[in-house]
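To start, the structure under review is shown below, and the notes come after it.
The values are calculated or read from the model by the stated rules, or taken from the named source; none is laboratory data. What you see is a predicted model, and the numbers here were worked out from it, not measured in a lab. Don't worry about glycine lacking a Cβ; one is built from the backbone with ideal geometry, like all the others, and counts go over all protein chains shown. Accessible surface is based on the protein model in full, side chains and every heavy atom, while ligands, DNA and RNA are left aside. Shrake-Rupley method; radii C 1.70, N 1.55, O 1.52, S 1.80 Å.
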Amino acid sequence: MSLSSHSPAGATGTDVHILESAGTALVLLPRADGAALPEVVHWGPALHGGPSTYAALTAVTTPPAPPSALDEPWPLTVLPGEADGWSGTPGWAGHRGGAVGAVRWHDVTCAAEGTALVTSASSGDGIRLELRHSLDEHGVLRVDASLTNEGNGPAPLDVSALRAILPLPVRADEVLDLTGRWCRERAPQRSRLDHGTHLRASRRGRTGHDATLLLMAGTRGFDWRTGEVWAVHTAWSGNHEHLVESLPEGAGRHHAVLGGGELLAPGEVRLYPGETYAAPTVVFVHSTEGLDGLSRRLHGSLRARPRHPSRPRPVVLNTWEAVYFETDLDHLKALADTAARIGVERFVLDDGWFGSRRHDRAGLGDWVVSGDVWPEGLGPLVDHVKGLGLEFGLWFEPEMVNEDSELVRAHPHWVLRPAAGSPREWRHQQLLDLTRDDAREQLLERISGLVTEYGIDYIKWDHNRDLLEAVHTVERGDRRRIDAPAVHAHTLAFYRLLDDLRARHPRLEIESCSSGGGRVDLGVLEHTDRIWTSDCNDALERASIQRWTSLLVPPELMGTHVGPAVAHTSHRTVDLGFRLLMALQGHAGLEWDITTCSAEELEVLAAWTALARELRPLLHTGDLVRSESPDGTVLVTGTLDAERRHAAYTVARLVTGRDAVTGALPLPGLDETLSYAVRVRPEAGLPAVVQHTPPAWWGAALSDEGLVVPGAVLARVGLPVPVLGPAQGYLLELRAL
């Protein structure tokens, strides 16, 4: 990453501040007198020529002033508002005792040492602002903002919003975001970037199954491999928002804006003198190589974190769809025996092991091993599992309680609810108030005690409802406020609980599950080790869910399991081969009572787990590339190592296509100067086909030696796809010669 300053023509005494890394640049223009916030001159592709080019850019791109508008061109600043001339969604909103006032930032300093740090005060309002823009070696830009109440008066400072906003050029004229629901997360939707505000707001108290993950704007027709794209992500597990906004008069020298931040309820953040609100990090990323370019930057940035999982991701067996609430010791031992024989490395006991939890209406919150089901505790099962050489994991849902629980009977005031009564139930659950130190400490002691007692290696941390009427009583000296919004405080308390638990048990791994993919964001991934991608283990549904989740989340952090033949959530029957194929696309595992499998099925599963272990060094570190057939019915998903010498491609047909023969589909990302040995890996499942003869290459690719093909042929033309039935596919492995 490089950083420099340069004075543009016509801006005496003013330096352009430049952050540039990995082909991306952010250019800020401070005011010489420190009387206003810096202007954002450019965010997007790095420009050839260095500082002098950016100085010239600054000088020549000042726009004209149209009629019936401000008399002079105005700047889009790092925190745009009305005082700048911006009539769109403001970067900051709030009030003190009902008085808004004209917020004028002064005493502005703009320092740059690997980051751009802006500090300022608001004239007469007693507000101190700090903004930090950090561009990492992968071209990922993180914006951190905070406000401090430096006033001396009795009225608190109520913060309504503190958003990160950056500009978009006129060539960004399409919007892509994701929606979804339980068991159908991450469904793409496109629209034109028209005038107005495209706002995606989540008030669910968690990230949400319909969370957009990334809100993207790009050049018309941008795709996986082509086009220029700008994207934003709010790294926060509570209420949040993303927006794209275009006004008829533009945005200073730009066309539109892209932004995000925490979505705050009225009165949720109230700062008394000396207090600070730190907004969640907002992540921005730009790519000139389509959506794959976004993924490459984001995945590289995540993998560079000090706490990113570095050891091989163990093959998992989770017991939920194997036994549900029927936690019989002998059955579980047999399940573990079978799992060990086929190569599973981690055994996770799901719901039903504690208190009176024989169904989902009672016991939640009572994190004590059930003496009725486990008269000798969990020791006999844990010892058996670990004696087989497997890691042991355990399911918790720490933030939720059933009203029918010993915890609620003993501490009814620990339930987060308004004075008027309990919120509507969701899966017969209410929310535990983690903002209470006594509730959080008891929870920490119970979980930590079990981790210590049983040597637990892994926790599946679930969260099965939206937070409705999430309010609590707040007291401040002689002030008492009832029914204060609590999502912000709860989210911070949740993060603190995770951090306290990991501080006590540094080797413990934690999964973020939220009725599947309801809490998938970069905020929670700072405190956990993987996400549960979806409660849906229907492999056909998973093909799309995993494809779009991996836009943000690298495969090694996505739980992807083989379920039973008939999917629990959709009741669809899917062939074993396709289930195996889809489960290789992330952190592989099983969610199935494999004690019911035939000897032949177990042999197939053993070969599959061996393949997962063989390929995970590639699949969990390589670059993702994606393409599809023109009608979208066949998906190609590839992973390549840094040198482009080793690759694996999944080719999957979802439904029947419009053409009798799909034709040849290129394998993107390969080095066209190399030749590759191409093999079909049958351990990932062989497809059912509807054809008289296979394509000419198929037979040779099934051999151990594979078929040698020039990289230029594979990348530019591709291999003809067999006539696959719906929900069928295959795995290709390529090695350069």
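Quick notes
- Spin-label proximity, residue 223 to segment 626-647 - amide N less than 13 Å from point 7 Å beyond Cα toward beta carbon: 626-636
- Solvent-accessible surface of segment 32-181, taken per residue with a 1.4 Å probe and all protein chains present: 42 Å².
- Of the DSSP H helices in the chain, those that are both long (alpha-carbon extent of 27 Å or more along the helix axis) and hydrophobic (Kyte-Doolittle mean at least -0.5) are 599-619.
- Potential lengthening between residue 705 and residue 68 on full extension [0.36 nm per residue; Cα-Cα distance subtracted]: 222.0 nm
- The P(r) of segment 56-118 has a tail past 16 Å containing 64 percent of all C-alpha pairs.
- Annotation: cysteines of the chain without a disulfide-compatible partner (Cβ-Cβ under 4.7 angstrom) are 110, 513, 597.
- Value of [θ]222 nm, deg cm²/dmol, for the chain, DSSP H segments ≥ 4, -39500 (n - 2.57) each, nearest 500: -6000 deg cm²/dmol
- DSSP bridge pairs, the chain: antiparallel proportion in percent, nearest 5: 85 percent
- Packing around the peptides 364-377, 639-652, taken as the average count of other Cβ atoms within 10 Å per residue, puts them in this order, highest first: 639-652, 364-377.
- The ellipsoid equivalent to the alpha-carbon distribution of segment 159-275 has semi-axes of 26, 20, 10 angstrom, derived from the gyration tensor eigenvalues as √(5λ) and listed largest first.
- For the chain, radius of gyration divided by Kirkwood radius, i.e. Rg to Rh on alpha-carbons: 0.99
- For the chain, the share of accessible area belonging to carbon and sulfur comes to 51 percent (1.4 Å probe, ligands and nucleic acids excluded).
- Over segment 262-407, equivalent-ellipsoid semi-axes from the Cα gyration tensor in Å: 38, 28, 13
- Computed extension gain for residue 526 through residue 199, at 0.36 nm per residue and net of the alpha carbon distance, reaches 115.2 nm.
- Extent along the principal axes, Cα only, for segment 509-556: 30, 20, 16 Å, with the longest axis given first.
- Per-pair calculated FRET efficiency, R0 = 41 Å: residue 693 and residue 566 via Cβ, rounded to 0.05: 0.80
- Over segment 395-436, accessible surface divided per residue gives 41 Å², non-protein components excluded, 1.4 Å probe.
- Pair-distance distribution of segment 122-225: all C-alpha pairs, bin width 5 Å, starting at 0; shares per bin in whole percent are 2, 8, 14, 15, 17, 17, 12, 8, 5, 2, 1, 0.
- Each Lys and Arg contributes +1 and each Asp and Glu -1, all at the Cβ; summed about the Cα centre of segment 592-737, the dipole is approximately 320 debye.
- Available extension along the chain between residue 337 and residue 130 is 68.9 nm, counting 0.36 nm per residue and deducting the alpha carbon span.
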